[in-house]
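This report concerns only the one structure given below.
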Amino acid sequence: MGRSPANGERSPPPPPPPGRCHFWLPNKRRHCANSSLPVLRQPPPLVRLRRRPPRPLPRRPLPVSPSTTAAQFGLAPMPPLRSTDPLTRSTVLEENLEAHVGKCPLKKQATALAAQPYYSKGVNSGGGEAGRGVTSAEKRAAVYWLTEEEFRGLLGKIRSVHAAAAVAMRESYLITDACDKWMKGQVDRKVPYQEKHVAQQASIVGNMEAFGLLRRAGSDAAEGENAAVSAQAVVEFGAGRGYLTQVLVDCYGIKKVFLVERRSYKLKADRSLRQNEAVTLERLRIDIEDLNLHGIEALRGLQYLAIGKHLCGPATDMTMMCCLHEQYDLTEEKHNAKHHLQGLALATCCHHLCQWKHYANKSFLSGLGITEEEFHAMTWLSSWAVDGDHNSQDSSVEVEDTSLEVREPGKADPEAVGIERIIRSIPAGERASLGFMCKDIIDTGRLLWLRQKGLVADLVSYVPSNISPENRLLIAKCTS
């Protein structure tokens, strides 16, 4: 019953029951179960489903600010279009944009942030020109616009600068007994646990202790806890979920913590930290570029440590300038409530995102003859250090062996031309070596900048490259 005839032709549908919709559902072989209206043989929902869908409206990018209009940009009036809200990246009809921005939740958050005493637009930008930075695509395009002779000259310059100025990075994979609780996984099961991340966090903490930023508690310490050397607070920059701070709280008894992060995350350490009644936690949702530490009321008068795990690109430079800003020295040197930096431990990464306008030690690079364009080319080349196989323990140790060596290109790809042909002809190991040289030069400038500020500083490899190829740690201690 209900099957098609043997010849494959479907039989015509039977007449609908009285008062029922006349629309026939061929897959179910029955009429629509809705009742028909007196005028229509089919209910309105089905009529709407069969109407031709409306033609999509054209789109165009929104001007820079939500307060600007087409007339201000010299554009001719246009029919209603869909525009992008610059804060939420959602699209709305342009005629409704003004009303949308007035009630946009992120707009309200931005307004509330600007009213905070610790917000100071671009205070840690490095004195560069306002505006967006150079994108990775633009860096790549600039490299590919070089002639073959210029590109070979750039590679030779990187090798010679590295041999002359780069500071040798020593290996320092240190995990202390204080972190046994985390290394053995004896933590709250609600806390996300990944062994490779715990190894990185524990080694950062271990290097801080070895460098004198943390110490084991003496016999007079309460409950046998460890403690920071005269530090009363910890500020974690680029905190993400905040688990580096969680390790410090659990293993060294830090009582006052500040987490700085511009994004919102799920599964944060905040919940477990707030359950500890002895810990005072404050999370600041702000870009490091705009953070004025002297505006944080709860931090005034405290001695603190600055930490960060994987501070991408210019975030490392901004963090250093945030903690050691000349403006603070000039305006608040004698202020009784001034906070005091005790030391810092910053794990650098993503050197391909670095920007000349934010880089802390431009004078170091300029003294080596490196221009802004060459710096951006170096940052793009630094990605070669992490785009290969890093399972080998010594995948990053070949730098010294090739730093003075200019190899002849191997057999080139016949389909590649220009710069692409040269790049493909360089062996993968040598490309990785060049990438590590670029990272060394960038981090050496940062290290020397910290030393110029009067800090005792060092650059170490804090985990093996098979745990993470981004394994560089800038660690420094204030002497006064």
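The values are calculated or read from the model by the stated rules, or taken from the named source; none is laboratory data. In this text the structure is predicted, and so the values were computed from the model without any measurement. When we count neighbours, we look across all protein chains shown, and the Cβ atoms used for this are built from the backbone with ideal geometry, even at glycine. Surface areas here come from the heavy atoms of the whole protein model, side chains and all, with no ligands, DNA or RNA. Shrake-Rupley method; radii C 1.70, N 1.55, O 1.52, S 1.80 Å.
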>> As an exercise: evaluate ILE475 against (1) of a type in the set (Val, Ile, Thr); (2) part of a strand (DSSP E or B); (3) surrounded by fewer than 23 Cβ atoms within 10 Å (Cβ to Cβ) and give the number of the one condition it does not meet.
In response: (3)
>> Please count how many residues of the stretch 360-386 are over 25 Å from SER172 (Cβ atoms) and among the aromatic types (Phe, Trp, Tyr).
In response: 2
>> If I ask for residues that are in a helix (DSSP H, G or I) and either free of Cβ contacts under 8 Å to residues at least 24 places away in the same chain or open to solvent by less than 30 Å² (accessible area, probe 1.4 Å) (or both), which ones from the stretch 139-155 would you list?
In response: LYS139, ALA141, VAL143, GLU149, GLU150, PHE151, GLY153, LEU154, LEU155
> Which condition number in (1) of a type in the set (Asp, Glu); (2) open to solvent by 10 Å² or more (accessible area, probe 1.4 Å); (3) closer than 14 Å to MET169 by Cβ is the one that GLU420 fails?
Replying inline: (3)
> For residues in the stretch 79-116 being in a loop (DSSP other than H, G, I, E, B) and of a type in the set (Ser, Thr, Tyr), which is modelled with the highest pLDDT?
Replying inline: SER90
>> Show the residue pairs meeting these rules: Cβ distance below 6 Å; 6+ apart or different chains; first residue within the stretch 157-174 and under 18 Å from ASN207 (Cα atoms); second residue open to solvent by less than 20 Å² (accessible area, probe 1.4 Å) and among the β-branched types (Val, Ile, Thr).
In response: ARG170/VAL460; SER172/VAL460; TYR173/VAL463
>> So if I check each of ALA306, ALA298, ALA269, which one is open to solvent by less than 20 Å² (accessible area, probe 1.4 Å) and modelled with pLDDT of 90 or more?
In response: ALA306
> In the stretch 346-367, how many are over 14 Å from the mean Cα position of the chain (by Cα), open to solvent by 50 Å² or more (accessible area, probe 1.4 Å) and among the hydrophobic types (A, V, I, L, M, F, W, C)?
Replying inline: 0
>> For VAL205, only one of the following conditions fails: (1) at pLDDT 90 or above; (2) more than 24 Å from TYR462 (Cβ to Cβ). What is its number?
In response: (2)
